[in-house]
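This report refers to the structure that appears directly beneath it.
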Amino acid sequence: CTFALVSNMATGTVQSAAHWWPPLVWTAAGVLFITSIAIEVIRSRGSQSSLPTITELDALADQLARAVHTQWQREDEHRKVTDPIALPVRWHAIDSDLVDHPSNIRHTPLGSKTSPLALAGRMEHIAAVYQRIPSGRLVILGRGGAGKTVLAARLARDLLATRSPGDRVPVIVSLASWHPATPLRDWLATQLVRDYPALAARAGGPSLAAALLAADRILPILDGFDEINTGLHEPSLRHLNTATSMPLVLTSRPEQYTVAVRHVDVLSHAAGIELE
């Protein structure tokens, strides 16, 4: 406001007959202008300095990985998934009309001869099967009670067991509360902060959860596509297909996913398995 007032004086909007008036006002305007620029630069630097460094992001991802591993280890113990023996979950590759073309899944050049991936397996193979998928995008279909969430938890734990510094941290998030009007990354950041409060906002910058997502440090395991509100499956699938560069795992009952695919398209770049 002060700068605007002085500028009005300098440009003659505010008049004065004194001969010393114009030089004084122009000098004041120049000082205020330079000061305002300096303030903006300081603010900008302060905002930038609030963003986590690569080293800080790596350390934060490591801490999150330990928290996720502990969480799902306790969950497995609570559910007695391996007591007395591991559940005999098996699967096969789903029909080709429900998954993307092999060349898109493998990221091979258009027109090249590409064969489908070998995806059949059982519980203890899930991490190895997932790591065969160059796109990092996988759909897991199964009837109610078939073991989709148990398999998703096993995938998260096995990926964490072999995780190297800098690798993505697999995090299981229930899709039931997502509305596709909210951008996926924004919603994921909110869910991460809810489940892991240490990832909340830091002063002067985005939340640590948002920073991890922006830096590709998170592998979202989106559990329960079928649990999204009725009428939102198709727009949700469209929205997921706008984030083709983001590796993710999506679980669903077959009916809801199949209907959405028929009206929209397959999940872009994604392979798929169905539990038996």
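The values are calculated or read from the model by the stated rules, or taken from the named source; none is laboratory data. Treat the numbers as computed from the prediction; the structure is a model and nothing was measured. Cβ coordinates were reconstructed from backbone atoms using ideal geometry, including for glycine residues, and neighbour counts include every protein chain displayed. Remember, those area values only see protein heavy atoms, side chains included, never the ligands or the DNA or RNA. Shrake-Rupley method; radii C 1.70, N 1.55, O 1.52, S 1.80 Å.
Could you order the peptides 180-191, 218-229 from most to least packed, using the average number of other C-beta atoms within 10 Å per residue?
218-229, 180-191
Subtract the Cα-Cα distance of A161 and A200 from 0.36 nm times their separation in residues, and report this length gain in nm to one decimal.
So the chain would gain 11.5 nm between A161 and A200.
Computed on alpha carbon atoms, what radius of gyration and Dmax characterise the range 77-206, expressed in Å?
17.5, 52
Before I look further, what does the range 83-229 give for accessible area per residue, probe 1.4 Å, in whole square angstrom?
Accessible area per residue, the range 83-229: 47 Å².
Of the listed peptides 102-108, 196-202, 138-144, what is their order by residue-averaged count of other C-beta atoms within 10 Å, with the highest listed first?
138-144, 102-108, 196-202
Would you mind calculating the relative contact order of the range 224-274 from Cα pairs under 8 angstrom and at least 6 residues apart, reporting the percent as a whole number?
Relative CO of the range 224-274 lands at 50 percent.
If amide hydrogens are placed 1.01 Å from N in the peptide plane, which non-local residues have theirs closer than 5 Å to the one on A201?
For A201, whose amide H was placed from the backbone, the distant partners under 5 Å are L208.
Which shape class, rounded, prolate or oblate, goes with the range 140-215 when its Cα gyration tensor gives a ≥ b ≥ c as root eigenvalues, a/c under 1.5 marks rounded, and past that a/b bigger than b/c marks prolate?
Since a/c reaches 1.5 but b/c is at least a/b, the shape of the range 140-215 is classed as oblate.
For the peptides 171-178, 111-118, 63-70, what is the packing order when you average, over each peptide's residues, the other Cβ atoms within 10 Å and list the highest mean first?
171-178, 63-70, 111-118
Long-range amide H contacts for S174: which residues qualify at under 5 Å (H placed 1.01 Å from N, peptide plane, sequence gap of 5 or more or a different chain)?
Placed amide hydrogens put D223 under 5 Å from S174.
Using the Cα gyration tensor of the range 106-168, with a ≥ b ≥ c the square roots of its eigenvalues, what is the shape: rounded (a/c below 1.5), prolate (a/b larger than b/c) or oblate (neither)?
Because a/c hits 1.5 or more and a/b fails to exceed b/c, the range 106-168 counts as oblate.
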